[in-house]
1. Specify the residue that is surrounded by the fewest Cβ atoms within 10 Å (Cβ to Cβ); the eligible residues are those in segment 53-63 that are in contact (Cβ under 8 Å) with a residue 24 or more places away in the chain and assigned to a strand (DSSP E or B).
2. Taking segment 1-52 as the region of interest, how many residues are under 15 Å from Ile65 (Cα atoms) and of a type in the set (Asp, Glu)?
3. Could you list, in sequence order, the residues of segment 1-13 that are open to solvent by less than 80 Å² (accessible area, probe 1.4 Å) and more than 11 Å from the chain's Cα centre (by Cα)?
4. Looking only at residues that are of a type in the set (Phe, Trp, Tyr) and more than 17 Å from Ile4 (Cα to Cα) in segment 24-69, which one is nearest to the chain's Cα centre (by Cα)?
5. Give Ala29, Ala20, Ala16 a once-over and let me know the one that is without any contact (Cβ under 8 Å) to a residue 24 or more places away in the chain and open to solvent by less than 60 Å² (accessible area, probe 1.4 Å).
6. Restricting attention to segment 12-31, does a residue exist that is in a strand (DSSP E or B) and touching a helix residue (DSSP H, G or I) at 6+ places or on another chain (Cβ under 9 Å)?
Amino acid sequence: MATIKLRDDHIRLCQALKAAGVAGSGTDAKFMIKDGLVKVNGETEYQRGKKLYDGDTVLCNGETIEIVK
């Protein structure tokens, strides 16, 4: 499980995937999201600009990413 510590009040989904090392680039993250491979709090998410806040959990390619303040 990867943990991302927020510097501000939120982080965008695409940025979180890159920061956690799940996506090698923004383009990779964009296609993962577009192809329905990313779940936020258990729901498939298709918005790459989705704002993630403290307590949110992302699942992608078997990797869990936890967002913490």
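1. Going residue by residue through segment 53-63, those that are in contact (Cβ under 8 Å) with a residue 24 or more places away in the chain are 53-54, 58, 60-61, 63.
Right, trim to assigned to a strand (DSSP E or B) and you get 58, 60, 63.
Numbers: Val58: 23, Cys60: 21, Glu63: 13.
Ranking the candidates gives Glu63 first.
2. Final tally of qualifying residues: 2.
3. Within segment 1-13, Leu6, His10 qualify.
4. Residues of segment 24-69 that are of a type in the set (Phe, Trp, Tyr), as a first pass: 31, 46, 53.
In the following step, the residues that additionally are more than 17 Å from Ile4 (Cα to Cα) were identified as 31, 46.
Working: Phe31: 13, Tyr46: 11 Å.
Top of the filtered list is Tyr46.
5. Testing whether each residue is without any contact (Cβ under 8 Å) to a residue 24 or more places away in the chain and open to solvent by less than 60 Å² (accessible area, probe 1.4 Å) leaves just Ala29.
6. Checking segment 12-31: not a single residue is in a strand (DSSP E or B) and touching a helix residue (DSSP H, G or I) at 6+ places or on another chain (Cβ under 9 Å).
Listed here are the residues, each with its yes/no results for (1) at pLDDT below 95; (2) surrounded by 11 or more Cβ atoms within 10 Å (Cβ to Cβ); (3) in contact with a Leu (Cβ under 9 Å, 6 or more places away or on another chain).
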| site | (1), (2), (3) |
| --- | --- |
| Ile33 | no, yes, yes |
| Glu43 | no, no, no |
| Arg48 | yes, yes, yes |
| Lys51 | no, yes, yes |
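The values are calculated or read from the model by the stated rules, or taken from the named source; none is laboratory data. Please read these numbers as outputs of a predicted model, since none were measured by experiment. As a convention, Cβ positions derive from the backbone with ideal geometry for all residues, glycine included, and neighbour counts pool all protein chains shown. With ligands, DNA and RNA removed, areas are computed over all heavy atoms of the protein, side chains included. Shrake-Rupley method; radii C 1.70, N 1.55, O 1.52, S 1.80 Å.
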